[in-house]
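Colleague: One structure is given below, represented as structure tokens, and several questions about it will come after.
The values are calculated or read from the model by the stated rules, or taken from the named source; none is laboratory data. These numbers come from a predicted model, not from an experiment. Here the Cβ is made from the backbone with ideal geometry for all residues, glycine too, and neighbour counts use every protein chain on show. SASA here: full protein model, heavy atoms, side chains in, ligands and nucleic acids out. Shrake-Rupley method; radii C 1.70, N 1.55, O 1.52, S 1.80 Å.
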Amino acid sequence: MSGRIPTTEDTMNTSFSSSNTPSMGHPIQIIDITEDHRFKLNEENLQSILNNPKAKLKKVSIVSVAGAFRKGKSFLLDFFLRFLTRNGRDDWIGAEDEPLTGFHWKGGSERDTTGILMWSEPFILRRNDTKEEIAVLLMDTQGAFDSQSTVKDCATVFALSLMISSIHVYNITQNLQEDDLQHLHLFTEYGKIALEDSHETPFQRLTFLIRDWSFPYEYKYGYEGGQSLLDKRFETNAKQHQELKDLRINLKKCFNTLNCYLMPHPGLRVCTSPEFDGKLRDIEQDFKTYVKKFVEAQFQPNLTVKQINGREITTLELFEYFKAYCRVFEADELPEPKSMLMATAEANNLAAKAIAKEFYMHAMEQHCGGDRPYMHPHHLQATNLQVREESIKKFDSVPKMGGESLSKKYLDELNYEMDELYDNYVKHNDSKNIFAFSQWFWLGSFSFLFNFIFWTCFFLLGAWIYVKYSGEYKEIGEYIDGLADILWRRIYQPLYEQFIQHAIRAMLSYAPIQDGPSGTAGRGDAKKKN
Ligand SMILES: Nc1nc2c(ncn2[C@@H]2O[C@H](COP(=O)(O)OP(=O)(O)OP(=O)(O)O)[C@@H](O)[C@H]2O)c(=O)[nH]1
Ligand SMILES: [Mg+2]
């Protein structure tokens, strides 16, 4: 495979969007594990990533690395970061003396990463087939089997990362053992019922990444040797216990891609030197070669987009799934596969609702949002009905899990929420109408008064002209003349005279007086001199 990531003109591979910039972002805690072993989703942090304008409403590909603690998971993710921040260019792996940074990693025997973290910046890559832009997210997880975590904590972290990601790297050291496969039992059970429910493969890609592989003479480094090892471990025979056979058969059915990669040892400096800070020159060449191939292979020739129920999901939907899975793993016991499926079904309906609601709000904003002019109420109502109908179509177009009744419940909620939104749009629209506004306040009586005076004068003028021109209805003409005379003498003339007097007085008080040769002194100055 070529190490070069092509430009957008190329058609062979995934390509990068120009919105990715080097060394951007930092790790963000999205799931905390509290002292009493509760899982807390930090919704605000997660939203800050998913709502990033670059990624909002785009389909997602989520890479997670999970497995036992102290086995180089965060270290590996930092190579992913280098690849993505440097747009996969030929020399993305970096200079020999460049320390490896990004997700925090460290040497020593004590655990480091806790909970689940995500890189703050989504990376935008263009998929090879449809050229659509996809948001790629990186997820680091707490290592399993450390002395402070319960069995449930470890299983939950693993389960959450597997349920959420589209590329799940199962980080293992030295060999692929039976217990590594047994840890996947919950997912095969979940996968079995999910398959029965929807007939869609529940998960996308699972890679067993075997670190410090020491037997390249048996199975070669990389995918090829990994596949042979996997085939060997997945062999079934008549003598094998049915449970072991089922596990293998179901595992293959649950993932679109199930593979294995054999990684060379990085060298003694990496794992024994306290001074090691990730510089490439301290890492064995074989490791560098194979880590490069491994990282590139996750994005080429195409991206693995997260699918649920056979549908590729967006950042908006991902948020709903996160919430639903965290809820189901809140209980003291590990959930039954059935509850996990129920949570998926609920999240699937919630996601459909979120898509439809987002569509409704976006469309209504275009018509009557803050910067749009006032709309006639009938027009607004018609627009609402049309947009609403399209929103419901959007909701219906998402394939649903959990049956009709569950879907009906969420459709009712959608209708209720659109009602509420519409009420607000109506109020907002009314506030833009200056006349509607004046009807509610004192301005109403003024506009009526001015209207009345204007139309009365207009009518009288019309009648007067007709009488004068035609010579008919002379008495009406006389009434109008009389009225005009009274109005002139009683109202306009006194007002006019008062106005003229005030104006003359004002002019006299400021007029300059001829006083002395220069003639420049004002009236005030003249008074002082006297
Ligand atoms: N033997 C070996 N050590 C490695 C490998 N990759 C990284 N390391 C070293 O393993 C140590 C732990 O690395 P981390 O990335 O912090 O490990 P982790 O799995 O994230 O650890 P936790 O966060 O505690 O679960 C560091 O000293 C790395 O240099 C590898 O492939 N083999
Ligand atoms: Mg770590």
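Colleague: Given a Förster radius of 45 Å and the C-beta distance between residue 179 and residue 284 as r, what FRET efficiency does 1/(1 + (r/R0)^6) yield to the nearest 0.05?
Modeller: Values: r = 28 Å, r/R0 = 0.62.
Between residue 179 and residue 284 the formula returns 0.95.
Colleague: Right, something else. Among the lysines, which fall within straight-line cross-link reach of residue 357, defined as a Cα-Cα distance under 22 Å, with same-chain neighbours fewer than 8 residues apart omitted?
Modeller: Straight-distance partners of residue 357: 54, 56, 58, 59, 306, 323, 393, 394, 400, 408, 409, 427.
Colleague: Between residue 339 and residue 269, what is the spin-label point distance in nm, taking each point 7 Å from the Cα along the Cα→C-beta axis?
Modeller: Each label point lies 7 Å from its Cα, and together they span 5.0 nm.
Colleague: Farthest toward the dipole's positive end in the chain, which of 30, 499, 134, given Cβ charges of +1 (Lys, Arg) and -1 (Asp, Glu) about the Cα centre?
Modeller: Of the options given, the answer is 499.
Colleague: State the number of lysine pairs found in the stretch 202-253 whose Cα atoms come within less than 21 Å, restricting to pairs 8 or more positions apart or on distinct chains. Show your work: numbers first, answer last.
Modeller: On the way: 220/232; 232/245; 232/252; 232/253; 239/252; 245/253.
Close lysine pairs found across the stretch 202-253: 6.
Colleague: Can you find, among 249, 51, 368, the residue sitting farthest towards the positive end of the charge dipole of the chain, where Lys and Arg contribute +1 and Asp and Glu -1 at Cβ?
Modeller: 368
Colleague: Where does helix 315-328 land angle-wise versus the long Cα axis of the chain, in degrees 0 to 90, nearest 10?
Modeller: So the helix axis and the longest Cα principal axis differ by about 60 degrees.
Colleague: Related question: Which residues make up the longest stretch of the chain clear of chymotrypsin sites (Phe, Trp or Tyr not before Pro) that lie in a DSSP loop with no more than 14 other Cβ atoms within 10 Å, not counting the sites?
Modeller: Details: sites that count: 145, 217, 441, 442, 473.
Between exposed loop sites, the widest span is 218-440.
Colleague: Given H placed on each backbone N at 1.01 Å, which residues far from residue 132 in sequence or on other chains put an amide H within less than 5 Å of it?
Modeller: 127
Colleague: For the chain, take the longest principal axis of its alpha carbons; what is the angle in degrees between that and the long axis of helix 337-368, to the nearest 10 within 0 to 90?
Modeller: 30
Colleague: Mind listing which GluC sites (Glu not before Pro) in the stretch 85-139 are in a DSSP loop and have 15 or fewer other Cβ atoms within 10 Å? Could you put the intermediate results ahead of the total?
Modeller: Values: sites: 96, 110, 132, 133; in loops: 96, 110, 132.
For GluC sites (Glu not before Pro) across the stretch 85-139 that sit outside H, G, I, E and B with at most 15 neighbouring Cβ atoms in 10 Å, the list reads 96, 110, 132.
Colleague: If one takes the longest principal axis of the Cα atoms in the chain, at what angle in degrees, from 0 to 90 and to the nearest 10, does the Cα axis of helix 443-470 lie?
Modeller: Value to nearest ten degrees: 40.
Colleague: A follow-up question, please. Could you give log10 I(q)/I(0) at q = 0.09, 0.14, 0.16, 0.18 Å⁻¹ for the stretch 59-196, computed by the Debye formula over C-alpha point scatterers of equal weight, without solvent?
Modeller: Taken in order of the listed q values, log10 I(q)/I(0) reads -0.31, -0.74, -0.93, -1.11.
Colleague: Something else now. Note down the nm distance, to one decimal, between modelled labels 7 Å out along Cα→Cβ at residue 312 and at residue 379.
Modeller: Going by the 7 Å Cα→Cβ label model, 3.8 nm.
Colleague: Could you pull out every residue, at least 5 positions away or on a different chain, whose amide H is within less than 5 Å of the one on residue 308? Hs are placed 1.01 Å off N in the peptide plane, and Pro or chain starts have none.
Modeller: 313
Colleague: Follow-up. With a cut-off of at most 10 other beta carbons within 10 Å, and DSSP calling the residue loop, which trypsin sites (Lys or Arg not before Pro) in the stretch 233-313 qualify? Please list them.
Modeller: Numbers: sites: 233, 239, 245, 248, 252, 253, 269, 279, 281, 288, 292, 293, 306, 311; in loops: 239, 279, 306.
The qualifying sites are 239.
Colleague: Next question. Please list, in chain and number order, the residues 5+ apart from residue 30 or on another chain whose amide H is under 5 Å from its amide H, with Hs placed from the backbone.
Modeller: Counting only residues 5 or more places away or on other chains, the set is 116, 117, 118.
Colleague: Based on the alpha carbons, how large is the Rg to Rh ratio for the chain when Rh follows Kirkwood? Write down the numbers at each step before the final one.
Modeller: Values: Rg = 38.4 Å, Rh = 29.1 Å.
Rounded to two decimals, Rg over Rh is 1.32.
Colleague: Count neighbours as other Cβ atoms within 10 Å of each site's Cβ, and list the GluC sites (Glu not before Pro) in the stretch 311-396 that are DSSP loop with at most 15 such neighbours.
Modeller: On the way: sites: 312, 317, 320, 330, 333, 346, 358, 365, 389, 390; in loops: 330, 333.
Here the GluC sites (Glu not before Pro) that fit, given the DSSP loop and packing criteria, are 330, 333.
Colleague: Further question on the same structure: Report the accessible area of residue 375, computed with a 1.4 Å probe over the heavy atoms of all protein chains in place, in Å² rounded to the nearest 10.
Modeller: My reading of the accessible area for residue 375 is about 20 Å².
Colleague: Roughly how many debye, to the nearest 20, is the charge dipole of the chain about its Cα centre, given +1 on each Lys and Arg Cβ, -1 on each Asp and Glu Cβ, and no other charges? Write out the running numbers ahead of the final one.
Modeller: On the way: 61 positive and 72 negative charges, 247 e Å.
Dipole about the Cα centre, nearest 20: 1180 debye.
Colleague: Quick one: Karplus J couplings for the stretch 504-509, per residue in order, coefficients 6.51, -1.76, 1.60, θ = phi - 60°, nearest Hz, x for Gly and Pro?
Modeller: 5, 4, 5, 5, 5, 5
Colleague: Report, to the nearest whole %, how much of the accessible area of the chain belongs to carbon and sulfur atoms, 1.4 Å probe, protein only.
Modeller: Values: 15820 of 28440 Å².
Ligands and nucleic acids excluded, carbon and sulfur give 56 percent.
Colleague: Using θ = phi - 60° and the Karplus relation 6.51 cos²θ - 1.76 cosθ + 1.60, list the HN-Hα couplings for the stretch 221-232 in order, rounded to whole Hz, with x at every Gly or Pro.
Modeller: Values per residue, Gly and Pro as x: 4, x, 5, 5, x, x, 5, 5, 5, 4, 4, 4 Hz.
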